[in-house]
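Have a look at the structure below before the remarks.
The values are calculated or read from the model by the stated rules, or taken from the named source; none is laboratory data. Only a predicted model underlies this, so the values are computations on that prediction, with no experimental measurement involved. Cβ coordinates were reconstructed from backbone atoms using ideal geometry, including for glycine residues, and neighbour counts include every protein chain displayed. Just the protein is used for accessible areas: all its heavy atoms, side chains included, with ligands, DNA and RNA removed. Shrake-Rupley method; radii C 1.70, N 1.55, O 1.52, S 1.80 Å.
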Amino acid sequence: MRRAAVLGGSIAGLLAARVLSDHADEVVVLERDDVAVSGEFGGGQGPRPGVPQGTQMHALLDAGRRRIDHWFPGFSTELVADGAALADTGTDVHSYLDGSLKVLVGGVEMVSATRPFLETHLRRRVLALDNLSQVNGRVQGLAFTGDRVSGVRYAGAAGDDVLSADLVVDATGRASRIAAWLREGGWPEPEMRRVHVDLGYATALFRHPEGPHGVTLAQSLATLPDGRLRLGTLGRVEGDRWIVLVAGYSEDRPGRSMEGFLRRCEEDPAAPFRQLAEDGEPIGEPVTYRHPDNRRRDFHLLDRFPAGLIAVGDTLASFNPIYGQGMSSATMHASCLAACLESGQSLRDPAWSYFKQVRAVVDDAWQTSVLNDLKLPHVTGPRPRGFKVASQLSDLIVKASVTDPVIHRRFLQVAHMLSPAKTLMRPGTLLRAAWAVRKQDTPAADTPLDTAA
Ligand SMILES: Cc1cc2nc3c(=O)[nH]c(=O)nc-3n(C[C@H](O)[C@H](O)[C@H](O)COP(=O)(O)OP(=O)(O)OC[C@H]3O[C@@H](n4cnc5c(N)ncnc54)[C@H](O)[C@@H]3O)c2cc1C
């Protein structure tokens, strides 16, 4: 491959660029925000318009962290040296379900840092690659030659231009215009599936010298007495600060006032949130963000597609952010790209084998998100066949994970994308979960499975 062009220089684009640097003479990342170190958005060190969700809490799950460490050895260590926290589920990551602390089990680590901090560190490592460059420009469309994409049209500092490329990777995120670009070239548009979840986020920064309840990261999922489902996450981040997120659905979304933000923390049944509200020192005001829908573009369903084009990251699928799987999914998309390129896929053909592989990754995260989202009373949309049984079984696993270490470990493996979601539906796991829940409900119940922990 002579040149690969990556459209969008955020997490998914940077990861795809890293993989492509092993296979192309030259990789060019086209990014509309001026994220050059001396540019308007200073290397992406603060929130920027192209990534509006960057103001919100972002945790890097273990699957994503491990992959990035593989491509950039020592990446996690470097983040920690610069002030990020590496939290261990066996000690300082506390998960609460309706105020009950889940049994601690180790083996899973996650990075807690602000999103701009993560992105800046990743960009620094990517741009250090010899054959890689970043161009500040807004992509306007694709250039086609015969039945393939041969480049990209963009508006840069010197005016409109065309960058020729053997492979174009769309990483422009959930609002990608790829469907319109394909239509302009006479190609069919991928179908977009949406599930309207109407989720509201608010994130604020705090100082808290001690750290609430000795945690590095705490997550709380709570059903309030009136049935509303709320989520809270807090974590230590660079600069000796704490990032705190509160989230709710539909009319229950959080507002912009610090007073209301603190009230929600006080109402949370998990102790670290109440402690933070009581003696944390707010830095600035909360910033809100609205996530209207989950969406995915089903490229694998198309019957015609040009060669020389693929999509990664949120362009492929963007799901409910409360699961924190977006950045880790992007690492998996980059792995699929690496696998296809290593298997010698010809650039003369459409990338069907890539779309087939990546579909499995998207399906897994999508099903986890959508199965839980469809349980929410305000979420409409066709419930898939077997939905009722599947949702009862997933509730069983979640409930059992509060007290049973084996179930909690398996749950964490899936939540952190280290194992596929279907592993939780194995008969042995379900049986064990049923025993654990029975034991919760009747504490004296004798469980022969205890010894297997
Ligand atoms: C509220 C919220 C919280 C989240 N929390 C987490 C979390 O805790 N953990 C996690 O892993 N994930 C989280 N995510 C998901 C995560 O933000 C994304 O999955 C991740 O950023 C990967 O996205 P991306 O690189 O595909 O797209 P984006 O990050 O959206 O980036 C798209 C890039 O393309 C550029 N661009 C767009 N159009 C053009 C154009 N025409 N020309 C040139 N450049 C263009 C943009 O400037 C931007 O840089 C969260 C998402 C939301 C909404």
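Taking 0.36 nm per residue of sequence separation and removing the Cα-Cα distance, the H213/R290 pair yields an extension gain of 24.8 nm. The charge dipole of segment 80-140, taken about the Cα centre with unit charges on the Cβ atoms of Lys, Arg (+1) and Asp, Glu (-1), comes to about 340 debye, rounded to the nearest 20.
To the nearest 10, the accessible area of Y249 is 20 Å² with a 1.4 Å probe. Residues whose amide H comes within less than 5 Å of that of A311, counting only those at least five positions distant or on another chain, are D170 (H built at 1.01 Å from N in the peptide plane).
Placing unit charges on the Cβ atoms of the charged side chains and taking the dipole of the chain about its Cα centre, the candidate lying farthest along the positive direction among L234, A339, V111 is A339. What the phi angles of segment 93-98 give under the Karplus curve with 6.51, -1.76 and 1.60, with θ = phi - 60°, is a coupling list of 9, 10, 10, 10, 10, 6 Hz, glycine and proline written as x.
In this label model, M1 and D298 are separated by 2.7 nm, measuring between points 7 Å along each Cα→Cβ vector. Given +1 at the Cβ of Lys and Arg, -1 at the Cβ of Asp and Glu and no other charges, the dipole of the chain around its Cα centre is 1200 debye to the nearest 20. Reducing segment 386-445 and segment 256-285 to their Cα centroids gives an inter-centroid distance of 31 Å. Maximal additional length on extending the D82-E189 stretch stands at 34.2 nm, based on 0.36 nm per residue less the C-alpha distance. Count neighbours as other Cβ atoms within 10 Å of each site's Cβ, and list the trypsin sites (Lys or Arg not before Pro) in segment 1-69 that are DSSP loop with at most 16 such neighbours. Answer by residue number: R2. Of the residues G324, G284, L245, the one whose Cα sits farthest toward the positive end of the charge dipole of segment 195-326, with +1 on the Cβ of Lys and Arg and -1 on the Cβ of Asp and Glu, is G324.
Only protein heavy atoms count here; on that basis, with a 1.4 Å probe, T288 has an accessible area of about 40 Å². The HN-Hα couplings worked out from phi for segment 141-154 by the Karplus form 6.51 cos²θ - 1.76 cosθ + 1.60 (θ = phi - 60°) are x, 9, 9, 10, 10, x, 9, 9, 7, 10, x, 9, 9, 8 Hz, whole numbers, x standing for Gly and Pro. Taking amide H as placed 1.01 Å from N in the peptide plane, the amide H of D98 sits under 5 Å from that of L221, A222, T223, each at least 5 places away or on another chain.
Of the chain, which part is the longest with no GluC sites (Glu not before Pro) in a loop (DSSP not H, G, I, E, B) and with at most 13 other C-beta atoms within 10 angstrom? Result for the longest clean stretch: 211-453.
Over the chain, DSSP H runs of length four or greater, each weighted -39,500 (n - 2.57), average out per residue to a 222 nm ellipticity of -10000 deg cm²/dmol. Each principal axis of the Cα cloud of segment 387-452 was taken in turn, and the coordinate range along them, longest first, works out to 34, 26, 18 Å.
Distances between placed amide hydrogens fall under 5 Å for T114 paired with E238, all partners being 5 or more residues away or on another chain. For W242, the solvent-accessible surface with a 1.4 Å probe is about 10 Å², rounded to the nearest 10. Evaluated with a Cβ-only charge set (Lys, Arg +1; Asp, Glu -1), segment 387-452 carries a dipole of roughly 240 debye about its Cα centre, given to the nearest 20. Each residue of segment 208-224 was assigned a 3J(HN,Hα) from its phi angle through the Karplus curve 6.51 cos²θ - 1.76 cosθ + 1.60 (θ = phi - 60°); the sequence is 7, x, 6, x, x, 6, x, 8, 9, 8, 10, 10, 9, 10, 9, 9, 6 Hz, with glycine and proline shown as x. Just going by the charge dipole of segment 387-452, with Lys and Arg at +1 and Asp and Glu at -1 on Cβ, which of M417, T429, P443 is farthest out on the positive end? Result: M417, furthest along the dipole toward the positive end. Taking every DSSP beta bridge that has both residues in the chain, what percent is antiparallel when rounded to the nearest 5? In the chain, approximately 75 percent of DSSP beta bridges are antiparallel ones. Residue ranking by accessible heavy-atom surface, 1.4 Å probe, largest first, among K399, K388 comes out as K388, K399.
Dimensions of segment 262-411 along the principal axes, based on C-alpha atoms and rounded to the nearest Å, stand at 61, 43, 33, largest first. Calculate, for S100 and K422, the FRET efficiency according to 1/(1 + (r/R0)^6) with r their C-beta to C-beta distance and R0 25 Å; round to the nearest 0.05. Plugging the Cβ-Cβ distance into 1/(1 + (r/R0)^6) gives 0.40. Across D33, D130, the residue with the most accessible area heads the list, and the full order at a 1.4 Å probe is D130, D33. Using a cutoff of 8 angstrom between alpha carbon atoms and counting only pairs six or more residues apart, the relative contact order for the chain works out to 18 percent. Which residues in segment 226-240 place their backbone N less than 17 Å from a point set 7 Å from the Cα of I283 along the Cα-to-Cβ direction? Correct set: 234-240. Which of the lysines could a cross-linker bridge to K102, judged by Cα under 30 Å and excluding same-chain residues fewer than eight apart? Partners found: K375, K388, K399, K422, K439. Computed over the Cα atoms of the chain, the ratio of the radius of gyration to the Kirkwood radius (Rg/Rh) comes to 0.97.
In this calculation the C-beta distance from T442 to T223 is compared with R0 = 25 Å, giving a FRET efficiency of 0.65.
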